[in-house]
1. Go ahead and run the numbers for FRET between residue 287 and residue 119, Cβ-Cβ distance against an R0 of 41 Å, rounding to 0.05.
2. Taking a cut-off of 16 Å, what percent of all Cα-Cα pairs in the range 342-416 are separated by more than that?
3. First measure r as the distance between the Cβ atoms of residue 47 and residue 109, then evaluate 1/(1 + (r/R0)^6) with R0 = 45 Å and state the FRET efficiency to the nearest 0.05.
4. Could you state the angle between the C-alpha long axis of helix 208-225 and the longest principal axis of the C-alpha atoms of the chain, as a value from 0 to 90 degrees rounded to the nearest 10?
5. Anyone know which of 239, 396, 354 comes out most mobile in the 10 Å Cα GNM of the chain?
6. Run the quick spin-label model on residue 162 and residue 365: label points 7 Å from Cα toward the beta carbon, then report their separation in nm to one decimal.
7. In which sequence would 270, 236 go, from the one with the fewest C-beta neighbours within 10 Å to the one with the most?
8. Any chance you could run the full-extension gain for residue 335 through residue 244? It's 0.36 nm times the residue separation minus the Cα-Cα distance, nm to one decimal.
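Each value in this text was obtained by applying a stated rule to the coordinates, not by laboratory testing. This one's a predicted model, so the numbers in the text were calculated from it and none came from an experiment. Heads up, the Cβs are rebuilt from the backbone with ideal geometry, glycines too, and the neighbour counts pull from every protein chain shown.
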Ligand code: GAP
């Protein structure tokens, strides 16, 4: 993880937020390459979840009526038990003490040093509060949403009626969520501001477990299709004690981040039954029922939810992709991000072998042509070997070199990142050649 964090900073993937002021606790900024990678992840999700007959998209606002969070159970129940140590001033989750380490040496679990003085657990609500309007008083308290899901539930009827959707159907959205986590960390794994990609699928009660199984399988396949390795992915079923207040059944898709983190949740698939719609009916006084006209049935639909963190998946992709390897005939090895070409932030890098004989001009023409179809980088600095290494390290799948032969026969060399294979390709075919391989 340390190597990855340093690569992410050095190569423009991810920076600490407000770094020049000493940073902000567990908040991160995506640099030029990070933002491309994360956009590719989100686009991939949107295309697979929304570009189908039975799911439509939504973009609900972050600030909502505070009653939403009473109905959802977040005001009363979205809490972690917190303990403080009066001696070392450490702050820990009372239910995760076995995973925590006291700052005193030697490293032990909080409470295990003779000097430790832990307070009684206090309930700590994870929602960020702010005020709407000029008065900072409790009547104007609003919350930054801790999940995007509630924006979907409160819009259930708007979407269903305006789009004439028939149950079963889903609503999907991508957006920011905020949680004042007590123990954030592990880079972008657990942060206080993050992005969720959530889909609520509304079904007839009684068909919910069938849909739950279908979505569970579909979501695991999505992660495999990203290129995450099979051995690093597995399901974790929530036991009765782990189930969230709204869930009838829940499975996490977990990914093996390695090191001390090991297997951790990257996505949750939940059967939320009619918990949310019924709660919003009660709190808003508005009926949130579906009328099944052909069968003359009226009911509150059950909901199967798929909820994945865009940042966590991005981290999983980076961890999965990072490798160091020896290169035959060279003293120095190379660092490679073996990201699937379709997700790579830069698809092709174009190099003139030398800065003369019209090579830079030809390279520029190729860049202009490719740029209309993909992200491209132009690099003429340093030896070809160094330029290859720079691109390997950020996961660029193809490097295109213009050499003395190029001016004569209008061909270039295309070098593939993983196999290191090189092929001569005519410039007129180059775009199609790369496009066919960017899958
Ligand atoms: N609507 C259900 C829900 O929010 P969750 O299990 O609390 O369920 C879903 O969150 C996903 O959101 C997680 O699997 C994870 O990928 C992401 N996530 C949750 N908290 C996060 C945090 N503090 N930092 C980064 N990602 C987080």
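1. Working from the Cβ atoms, E equals 0.35.
2. That tail contains 43 percent of the Cα-Cα pairs.
3. Efficiency, from the Cβ-Cβ distance: 0.50.
4. Helix 208-225 sits roughly 20 degrees off the main axis of the chain.
5. 239
6. Once both label points are built, they end up 5.0 nm from each other.
7. Least crowded to most crowded, the residues run 236, 270.
8. Using 0.36 nm per residue and subtracting the Cα-Cα distance, I get 28.7 nm.
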